Amino acid sequence: MPPPSLGTRKPIAALLASESDSGGPTLARNLSAFSLVCIGVGATVGAGIFVLTGTAAAANFAGPGLMLSFVLGAVASGLVALCYAELAAMMPVAGSTYSYTYATLGALPAWIIGWDLVLEFAMAAATIAVGWSGYAQSLMADAGLRLPAWLAAAPGEGGLVNGPAALVVLALTALLMRDNRRAARTNAVLVALKVVIILAFLGIGALYVRPELWQPLVPANEGAFGAFGWSGVLRGAGVVFFAYVGFETISTAAGETRNPQRDAPVGLLGSLIVTAALYVAVAAVLTGLVPYRELDVADPIAKAMAVTGLTGFSAAIKLGALIGLTTAALTALYGQARICYAMARDRMLPDVFSRIGLRSRTPFVAQGIIGLATALVAALVPINTLGELVSIGTLFAFILVCASVLILRHTEPDLPRPFRVPGGAIVPVTGILACLALMASLPGDTWLRLLAWLGLGLAIWFGYGRRRVGRDPGFERTSPSAGPGQSPG
C-alpha cells in the first residue's frame, strides 16, 4: 500500500476496531467513573498547586491576581472539557487528542499532535518530579539530612543531576508496568489523602490570612507584557494552565473504562469542578499568608504554613505535597504510555510501543522506555523551562480537540453522540479563542522550543512514519460501503 496522503483520515470504525482486532492481548477495561475522577484530580492537583503557584505565577507574573489566573484557566478548561467529553464518549480509545485528530484532520496532523503530546506528557511528568524532589529535600532538611549538592539539582540550578526526581519517575514506572487496576487503586488512595491535606491547609491557613496582602489584587504593570498588571494575570493563566493537563490524561483512559459513554463525561467534568475550586482557594490563602514576591521557592505552600508558626503542620503539608506530586507524576506517565501505544498501534511509531503484556494488560514496553527517558529529563532540565513547555503543548492539543468537535459535526452528523456539547458551535469556537489567547501570553522562547520539537517530529514523519502508516490495515476499511466516517479525507 502506498504512503497515505497528508489528509488521509482513519475511519472512526477502524479506530474502534484497532484494539479488539489486534489478535493479541488488549488493554483491560476495568476503570470506573470514580477512577477517572481520581485520575483527573490526581493529574491536575500536583505541581501546579504545590510548585508553580509560587515559582511561575504569583511571584513573577500575577501576584494576588493569581486567583483570577486560575479562574481564566478554569473557564478555558471547562470549554475544552465539554469538547473532550463529546469526543471521548464517541471514540473511547487510547490516544485522546491524537486519535480524535486522526479521525478528523488526517494522518499528518495526527502525527503532529501525537508528537506534541509526547512532549507534553514527558515534560509534565518531569516537571512534577522536580517539584517532588524539592519537597522531599525540604523534608529531609527538617530531619537534618542533606544530599550532596551535585545530586540535588539539575545543571544551571547548582547541581549536576536531580537524583530524587529521577528516582521517583523510575519507581512509578515500575508500578505502572504491572497493571492499571493496582495503579488506579494506589492513585485513588493517594488522591484522597492529598485532598484531605489541602483542605486542612485551606482551613488552618484561612485563620492566619492577612487581607492587606491581597491589595492591590492586580499589581501595577512594571513596563513589560506579563510583568504584573492584567497582562501578568493572563500570562499567569498561561503558565499555570500546565495544571489542567489532567483532562488529556482522562481521555487517554477512556478506552480502559467499563462504560466509556457515561464514565468519560462524568470523569472529565467532575474532576474539573473539584480541581478548579481547589486551585482558586489555594491561590487565595497562599497569597494571603505570604507577600507574593517571597513565593519564588520550590515549596511555596510549605513556606506559607511556616509563617503560621505551626511547624508540625508544615511537615504534614510537605508530606501532602509529596503525595500530590506522586499522583500527578503517576497519571502523566500513564497518559504518555497510552499516547505512544496508540501511535504504534497505527504504525506511526515502532511496533514495540504497542506490545501489551499477557498478565499486566498494559503497554509495558512503552511504559518502560518512557520512564527511562522522562527520568533523564527530570534529572537534567530546570523546572521553569519544563513547566512552560507543558502549558503551550497542552493548549495546542486543546485547540485541536475543540476543532475536532466542529469538524465531526460537519463530516459525521449522524454518528451517535452519547454526550453532546451544548450551544452548538459556540463552546468549541470560544474554547479555541481562549486557548489561543493563553498561548499568545507565553514567552517567545517557549514558542521556539515548541517549534523546534515539532520540526524534529516532521523530519521523523517524512523519513519514517509516513511509509509505515501506509501499511496500516485500518485503511482497508475505507470503501464507500463501509458506512459513515469510513472514507478517506
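If you go through the range 331-346 and keep only what is open to solvent by less than 10 Å² (accessible area, probe 1.4 Å) and under 16 Å from Cys38 (Cα atoms), you end up with Thr331, Ala332, Leu333, Gly335.
Identify the residue in the range 225-239 that is assigned to a helix (DSSP H, G or I) and surrounded by fewer than 21 Cβ atoms within 10 Å (Cβ to Cβ) and, among all such residues, is nearest to the chain's Cα centre (by Cα). By that ranking, first place goes to Ser231. Restricted to the range 56-162, the set of helices (runs of 4 or more DSSP H) holding at least 3 residues that are buried (at least 24 other Cβ atoms within 10 Å of the Cβ) and not small (Gly, Ala, Ser) comprises 66-90, 97-104, 107-142. When we screen Pro418, Pro382 for residues that are more than 30 Å from Gly163 (Cβ to Cβ), surrounded by fewer than 18 Cβ atoms within 10 Å (Cβ to Cβ) and at pLDDT below 85, the only hit is Pro418. State whether one or more residues within the range 275-295 are touching an Asp or Glu at 6+ places or on another chain (Cβ under 8 Å) and either in contact (Cβ under 8 Å) with a residue 24 or more places away in the chain or open to solvent by 10 Å² or more (accessible area, probe 1.4 Å) (or both). No, the range 275-295 contains no residue that is touching an Asp or Glu at 6+ places or on another chain (Cβ under 8 Å) and either in contact (Cβ under 8 Å) with a residue 24 or more places away in the chain or open to solvent by 10 Å² or more (accessible area, probe 1.4 Å) (or both). Residues of the range 16-50 that are at pLDDT below 70 and either crowded, with 17+ Cβ neighbours inside 10 Å or hydrophobic (A, V, I, L, M, F, W, C) (or both): Leu16, Ala17, Ser18, Glu19, Leu27, Ala28, Gly46, Ala47, Gly48. Collect the residues in the range 386-409 that are among the charged types (D, E, K, R) and at pLDDT below 85, keeping them in residue-number order. Within the range 386-409, Glu388 is the sole residue that qualifies.
Considering every residue within the range 470-479, establish whether at least one is more than 30 Å from Ala224 (Cα to Cα), of a type outside the set (Lys, Arg), within 29 Å of the chain's Cα centre (by Cα) and at pLDDT below 85. For the range 470-479, residues more than 30 Å from Ala224 (Cα to Cα), of a type outside the set (Lys, Arg), within 29 Å of the chain's Cα centre (by Cα) and at pLDDT below 85: present.
The values are calculated or read from the model by the stated rules, or taken from the named source; none is laboratory data. Predicted model, so just to flag it, every value in this text is computed and none were measured. Cβ: placed from backbone, ideal geometry, glycine included. Neighbour counts: every protein chain shown. Areas reflect the complete protein model, heavy atoms only, side chains present, ligands, DNA and RNA absent. Shrake-Rupley method; radii C 1.70, N 1.55, O 1.52, S 1.80 Å.
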